[in-house]
Amino acid sequence: MVCNEYTSCNICPRSCKADRNHGETGFCRQKNKIRIGRASLHHWEEPCISGKDGSGTVFFSGCTLLCCYCQNYKLSHMGEGVEITEEQLCDIFLRLEEQGAHNINLVTAEHFAPGIREAVIAAKKRGLSIPVILNSSGYVSIRTLELLKDVIDVFLVDFKYMDDVLASTYSLAKDYVLIAKNALKRMAELCPKLIFDDEGMLKSGVIVRHLCLPGHTEDSKRVIEYIYSTYADSVRLSIMSQYTPAANCGKYKNLQRKLSEKEYDDVIDFCLSLGIEDAYIQEGEAASESFIPEFGNEYVKIEKNT
């Protein structure tokens, strides 16, 4: 797709000015063609997202962050995936709805925002009737949110850090905190209320995820305190314990282990002390392979357009 946004790219907060229309790749390591690594029903999101039939997830290649602990390393860091057109992406959305998906879940899609917008608009014209979710790292520009605001129904957004030193060290984003605060503010303005259907599925609103990192529970508490003091119950918190050590974390000793039960319980106790009553938490052995999907050509079914 040739568009002005890709010519001197400033879609993400990096504003790297790469000419993605003419073969250059920016920080996201992607050109102007949409690339995905998996499209399928996914059952491991929050209950109001996955429901009983699954979320229609589309995992996009590339990322605006380089988190050393990323579970989707082959996509985010290595850029693996299959190139598709906007029309093919539209077909995928419709096929996922036909398979019973409760929603369309766009995972790390912001750097393809212009094409995403066109595909969603086309799908809605062809009858797509389920909510569309932007599943974001939180490191997203206001410009991109404005581009997508009329095609997104739900924001499922990470808030990873309240310490820019950690953000710089683990994700190469020294301005993460300010960017994430501004992005969340705009998301909350666009979807100011949590709206559920009769089956408890989220139709509109904001869910804020926080992945607790081993050795950094104090930063987790700062994140949670900020979100709850700022937005109270207008957004839903999801406190995640599923951290899984990755090969790229070798030089960080604390990241070479899973989160301990004591660390997670400490964070949850802090949530309770703040008066938080409605939040998603993970129980049992959450840091398992079941949360890390497989990627590759066999997980992307492309319908040939005729």
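GLY115 fails exactly one of the following numbered conditions: (1) without any contact (Cβ under 8 Å) to a residue 40 or more places away in the chain; (2) assigned to a helix (DSSP H, G or I); (3) among the small types (Gly, Ala, Ser). What is the number of that condition?
That leaves (1) as the condition not met.
Condition (residue is acidic (Asp, Glu), under 26 Å from ILE195 (Cβ atoms) and touching a helix residue (DSSP H, G or I) at 6+ places or on another chain (Cβ under 7 Å)) applied to the range 263-279: is it met by at least one residue?
There is at least one residue in the range 263-279 that is acidic (Asp, Glu), under 26 Å from ILE195 (Cβ atoms) and touching a helix residue (DSSP H, G or I) at 6+ places or on another chain (Cβ under 7 Å).
Hand me the list of strands (runs of 3 or more DSSP E) wholly inside the range 21-108 holding 3 or more residues that are open to solvent by less than 40 Å² (accessible area, probe 1.4 Å) and touching a helix residue (DSSP H, G or I) at 6+ places or on another chain (Cβ under 9 Å). Quick ask: steps written out before the conclusion?
Numbers: elements: 34-42, 55-60, 82-84, 104-107.
Here the list reads 34-42, 55-60, 104-107.
Run GLU303 past the list (1) within 22 Å of the chain's Cα centre (by Cα); (2) of a type in the set (D, E, K, R); (3) at pLDDT below 95 and report the number of the one that doesn't hold.
(1)
Quick one: is ALA246 in contact with a helix residue (DSSP H, G or I) (Cβ under 9 Å, 6 or more places away or on another chain), of a type outside the set (D, E, K, R), modelled with pLDDT under 95 and open to solvent by less than 70 Å² (accessible area, probe 1.4 Å)?
Yes; evaluated as a whole, the condition is true for this residue.
Determine which single condition SER171 fails, assuming it passes every other condition in (1) among the small types (Gly, Ala, Ser); (2) open to solvent by 50 Å² or more (accessible area, probe 1.4 Å); (3) touching a residue at least 60 places away in the same chain (Cβ under 8 Å).
It is condition (2) that SER171 fails.
Within the range 126-160, count every residue that is under 22 Å from ALA173 (Cβ atoms), assigned to a loop (DSSP other than H, G, I, E, B) and out of contact with any strand residue (DSSP E or B) (no Cβ under 9 Å at 6 or more places or on another chain).
Result for the range 126-160: 1.
The values are calculated or read from the model by the stated rules, or taken from the named source; none is laboratory data. The structure presented is a predicted model; accordingly, all values stated were derived computationally and were not measured. Because the Cβ atoms are built from the backbone with ideal geometry, glycine has one as well, and the counts that use them run over all protein chains shown. When the accessible area is computed, the model is the full protein with side chains, heavy atoms only, and any ligands, DNA or RNA have been set aside. Shrake-Rupley method; radii C 1.70, N 1.55, O 1.52, S 1.80 Å.
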